[in-house]
Amino acid sequence: MNNNVLTASRRLQHVQTPIIPEVAAWINASPGTLSLGQGVVFYPPPEAALQRARQVGNDFAYHIYGDVTGIPELRTAITTKLEQENGIAISAERRIVVTAGSNMAFLNAILAITDPGDEVILLKPYYFNHEMTITMLGCNAVCVDCDDDYQPDLDAISAAIGKRTRAIVTVSPNNPTGAVYPEPVLTAINHLCREKGLFHISDEAYEYFTWDGDQHFSPASIPGAEQYTIALYSLSKAFGFASWRIGYMLIPAELENAVTKVQDTNLICATRVSQEAAVAALQTGRAYCDDQRQQIEIVRESMLAGFTSLADVCELPRTTGAFYFLAKLHTELTALSVVQRLIKEHGIAVIPGETFGLHNACYLRIAYGALTPDKARPAIDRLVNGIREIIT
């Protein structure tokens, strides 16, 4: 009899445990907890998207495998959106691939451009699923600190480039910080990638969520960026599509074969009913999101006002994008322990900074997109009072 204990791969043992399911388990163990953890919006998909999904019926074409890169009507809608909203010309040098969310798009990209042992530069604090993907595939995430306002440091990024660097990743508007990177900064990073022969992976899942008059910029719109810029997008946030799993990626034409291999092996194609709904969502347009954003902006201002009472024990930069704040607490406690106590003792959940690579101080990511103005006050009060009680 073989007494050897069968275990998971060593590769996976080095990947951090996903924090969202872990926090969800703590929430379930504390009934009545309000969540400022997972990054979702409070509103559903547009009615036109739901109606189109209901129209999927018995026609055999709906129930067989579709085009690996997405149904033609959806790719046409994406082309129109990218050209009109992002200023990106869709030429013969580019391809659009519909994915099951932008997380899958990132996995496709990293598999397509790296070999084990290669390096990918992430800006810290990083989006945890990006770091997990890179580690999972046997590559190395080279993390470069942002400044105190969570903005990229171009000199530090340049200094981090090594012989095995394959890409620089930017996330703007940013998860977890809410920072929006200005056009000159993103342009400089994009030009650095061109100069050094690297890919620029630009994650733009929160493109519609900017505040205080700030504007989103797409690096793929830079003239000459076609051959080395990979842009990732998602319907999850803007159109309330989180569970429908529709994202898309814009890639250099030279990567089409590699990305198709990855997608065909992993997914074959995004779910047809979700793609049909996505067509209607994009045809509805960003005005749908803009109408909902007004409610999120009210919550955002309430959150900022609530944290003024914690100015002596907490730093909360007024970032201008996504629906996150990243708070730094003046305490020796770990963020993980603070989060556990907030849930258990105060009935409010946030995400600890350790999962974003922040181990040198106590950071909490606060997601406010799921709140409506009428439900914001109890959540803010629980969070502010809980932080005050725990760390003072």
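What to note about this one:
- Counting DSSP beta bridges with both ends in the chain, the antiparallel % (nearest 5): 50
- Dipole magnitude (debye, nearest 20) for segment 134-189, charges at Cβ of Lys, Arg, Asp, Glu: 520
- Using alpha-carbon coordinates, inclination of helix 272-284 to the longest axis of the chain, degrees: 80
- Here the Karplus relation 6.51 cos²θ - 1.76 cosθ + 1.60, evaluated at θ = phi - 60°, turns the backbone of segment 100-105 into coupling constants of 8, x, 6, 4, 5, 4 Hz, with x for every Gly and Pro.
- Remark: segment 53-110 carries a charge dipole of roughly 100 debye about the Cα centre, counting +1 on each Lys and Arg Cβ and -1 on each Asp and Glu Cβ.
- Amide H contacts under 5 Å for residue 140: 117, 118, 119, 120, restricted to partners 5 or more places along the chain or on a different chain, H placed in the peptide plane at 1.01 Å from N.
- Between segment 305-321 and segment 236-267, the alpha-carbon center distance in angstrom: 36
- In this Cβ point-charge picture (+1 for Lys and Arg, -1 for Asp and Glu), the chain has a dipole of about 940 debye about its Cα centre.
- Per residue, the solvent-accessible area of segment 66-215 (1.4 Å probe, heavy atoms of protein chains only, all protein chains present) comes to 37 Å².
- Think of segment 265-307 as having a plus end and a minus end, set by charges on the Cβ of Lys, Arg, Asp and Glu; of 277, 294, 265, 265 sits farthest toward the positive end of this dipole.
- Chain lengthening between residue 48 and residue 15 when straightened (0.36 nm per residue, less Cα-Cα): 7.9 nm
- Using the Cβ-Cβ distance between residue 341 and residue 92 with R0 set to 51 Å, the FRET efficiency from 1/(1 + (r/R0)^6) comes to roughly 0.35.
- Within the accessible area of segment 237-392 (1.4 Å probe), percent carbon and sulfur: 49
- Additional length obtainable on full extension of the chain from residue 64 to residue 264, 0.36 nm per residue less Cα span: 70.6 nm
- The value of relative contact order for the chain, using C-alpha pairs under 8 Å at least six residues apart, is 25 percent.
- Entry comment: accessible area of segment 217-318 is 38 Å² per residue, from protein heavy atoms only and a probe of 1.4 Å.
- Average Cα contact separation per residue, segment 224-376, under 8 Å, 6 or more apart, as relative contact order %: 18
- Tilt relative to the chain, helix 335-346 - C-alpha long axis, 0 to 90 degrees, to 10: 70
- Separation between Cα centres of segment 26-73 and segment 102-156, rounded to whole Å: 27
- One compactness figure for segment 55-96 is 1.48, namely its Cα radius of gyration divided by 2.2 N^0.38 Å.
- As a fraction of the 1.4 Å probe accessible area of segment 1-114, surface on carbon and sulfur atoms comes out at 53 percent.
- The ellipsoid equivalent to the alpha-carbon distribution of the chain has semi-axes of 32, 26, 23 angstrom, derived from the gyration tensor eigenvalues as √(5λ) and listed largest first.
- Exposure check, 1.4 Å probe, all protein chains in place: residue 222 carries approximately 20 Å² of accessible surface.
- Calculated [222 nm] ellipticity per residue, helices only, for the chain: -12000 deg cm²/dmol; basis is -39500 (n - 2.57) per DSSP H run with n ≥ 4, divided by all residues, nearest 500.
- Label-to-label distance, residue 283 versus residue 188, with points set 7 angstrom from Cα along the beta-carbon direction: 4.4 nm.
- For the set 237/375; 344/375; 124/344; 81/196; 124/328; 124/261, the pairs lying more than 25 angstrom apart at their alpha carbons are 124/344; 81/196; 124/261.
- 3J(HN,Hα) couplings calculated from phi for segment 11-17 with the Karplus curve 6.51 cos²θ - 1.76 cosθ + 1.60 (θ = phi - 60°) are, in sequence order, 4, 6, 5, 8, 8, 5, 6 Hz; Gly and Pro show x.
- Given their separation in residues at 0.36 nm each and the Cα-Cα distance between them, residue 273 and residue 195 gain 23.9 nm when the chain is fully extended.
- When the charge dipole of segment 25-113 is built from unit charges on Cβ atoms (+1 for Lys and Arg, -1 for Asp and Glu) and taken about the Cα centre, the candidate among 33, 60, 70 whose Cα reaches farthest toward its positive end is 33.
- Atom-type composition of the exposed protein surface of segment 143-213 places 45 percent of the accessible area on carbon and sulfur (1.4 angstrom probe).
- Qualifying GluC sites (Glu not before Pro) in segment 71-109, where qualification requires a DSSP coil assignment and no more than 16 other C-beta atoms within 10 Å, comprise 93.
- Relative contact order computed over segment 33-179 (Cα-Cα under 8 Å; 6+ residues apart), in percent: 18
The values are calculated or read from the model by the stated rules, or taken from the named source; none is laboratory data. Predicted model only: the values in this text are computed from it and were never measured. Every residue, glycine as well, gets a Cβ built from its backbone with ideal geometry; the counts of neighbours run over all protein chains shown. Heads up: the accessible areas ignore ligands, DNA and RNA and are worked out on the full protein's heavy atoms, side chains in. Shrake-Rupley method; radii C 1.70, N 1.55, O 1.52, S 1.80 Å.
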